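Below you'll find the structure, written out as structure tokens, and then a few comments.
The values are calculated or read from the model by the stated rules, or taken from the named source; none is laboratory data. Here the structure is a predicted model, which is why all the values come from computation and not from measurement. Don't worry about glycine lacking a Cβ; one is built from the backbone with ideal geometry, like all the others, and counts go over all protein chains shown.
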């Protein structure tokens, strides 16, 4: 009988956080050198995961599986990048070399913007494709909107470095649109201990997105609530006109004039270094090393729950190289707009926030299970102008020969989950809960994007992803719309009904769409 390994007591925790070879090598009374290697791997993984999550997630007080929603006030910034699709297409023809060039260009852009945001006191909450959501929490000085506007001006000035990018297909111009809105949002960590997600709920999140979408490239656009807080500190011109619900008078977004000469002054804060200091293991005693490994696990496991399992596996296997190779996969992409619960947050009476967040948490957990069980990745829950978008990938980072069929099966399961939800009464009203689903497939760019020594994420970007979101927007209540490529791949097993040709933003010609009705008997 083999002697018991000193790691046996934590074996079930280690099996999901070690590369396969390292996990296999430590049994049978491993040497202290192997245990030290385990420690070093976990320490590297800890730093990586720390960079993968927003500081909005309170790591030290995390309670995976426990929903504790909190209302917060602050300034939200959304950014959108124009020109990325052309940049991706220009590099795609070069294969893996082109992927490396594209990643270098993209990460130069993200690193620049993240540095400006950090030095201005903002926190990057999420990447959504090539877009960013950044939050400045309200301070006692109430200067969060001022800091956000100055950061926005600095970001637009920095875009001059990306105005003319040389590619194999010629020069590509990148431009950015920025929207800033002040308001409140309900912040909550939802899900199960195995898979958590950080979400911001409430109408003000949607208003912030609307402010960006109504802005202009190369400008900083402010909503009325943001404008009112900084009206004496900058100069403006009127932007797009809109009518607020329940108000008779027209209102305007306001575009900030960058007439501040050459200087924007010093940055507002000294940024806190996101990188954790490297731990030095000063012992060779097995029991002491075991205790250090256990302490690392206590820190890693709550953060790891915010990373989808396939992406976590990718990070674990690539920890030694500290680099995920970029690629041009052909994924199947699904967008689910989950409507009813997210926008009920503003109606919640005191004490009802927990009831709302708990129902949202259960719905998320069931949807994630439907996706994971079919080999997909629920990448994130993000904002939408109504409801919350749930972004799902099949074929990245792990590809299967039937990813389209897997996505179709998951979509039907998700629709059933949503239709069976019995929503709670919030603010005296029981919301109607439903979904819209879109599925598409095509070329994309997959890589670890952001600041490679700081805030970053594994993401899938490109026109295929954007088109999927637009297909979803066309879907009727509790309907699943798919592209022609998806229809061709699944029509032997699934009933697809032609809907006609639809004009989609960014497409030169109308695109045929189909409704995924059901699995064939």
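At a glance:
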| item | result |
| --- | --- |
| Residues of the stretch 1-36 satisfying the condition of being assigned to a helix (DSSP H, G or I) and either loosely packed, with under 11 Cβ neighbours inside 10 Å or at pLDDT below 80 (or both) | 8, 9, 12, 21, 24, 33 |
| Selected residue (criterion: nearest to residue 395 (Cα to Cα)) from residues of the stretch 286-307 that are touching a residue at least 12 places away in the same chain (Cβ under 8 Å) and out of contact with any helix residue (DSSP H, G or I) (no Cβ under 8 Å at 6 or more places or on another chain) | 305 |
| Selection from the stretch 316-328 of residues that are surrounded by 21 or more Cβ atoms within 10 Å (Cβ to Cβ) and either in contact with a strand residue (DSSP E or B) (Cβ under 8 Å, 6 or more places away or on another chain) or more than 27 Å from residue 95 (Cα to Cα) (or both) | 326 |
| Subset of the stretch 209-223 [modelled with pLDDT of 95 or more and either part of a helix (DSSP H, G or I) or not assigned by TED's automatic domain parsing to the domain that holds residue 153 (or both)] | 211, 212 |
| Single match in 118, 104 (criterion: over 15 Å from residue 178 (Cα atoms), in contact (Cβ under 8 Å) with a residue 40 or more places away in the chain and not assigned by TED's automatic domain parsing to the domain that holds residue 378) | 118 |
| Matching residues, the stretch 325-357, being within 14 Å of residue 383 (Cβ to Cβ) and part of a helix (DSSP H, G or I) | 342, 343, 345 |
| Strands (runs of 3 or more DSSP E) wholly inside the stretch 395-511 containing at least 1 residues that are surrounded by 20 or more Cβ atoms within 10 Å (Cβ to Cβ) and without any contact (Cβ under 8 Å) to a residue 40 or more places away in the chain | 494-502 |
| Qualifying position, being in contact with a strand residue (DSSP E or B) (Cβ under 7 Å, 6 or more places away or on another chain), in contact (Cβ under 8 Å) with a residue 24 or more places away in the chain and within 17 Å of residue 169 (Cβ to Cβ), among 86, 94 | 86 |
| Options 350, 342; residue that is farther than 25 Å from residue 312 by Cα, modelled with pLDDT under 95 and buried (at least 24 other Cβ atoms within 10 Å of the Cβ) | 342 |
| Leading residue by the ranking (nearest to the chain's Cα centre (by Cα)) among those in the stretch 185-196 that are over 17 Å from residue 355 (Cα atoms) and part of a strand (DSSP E or B) | 196 |
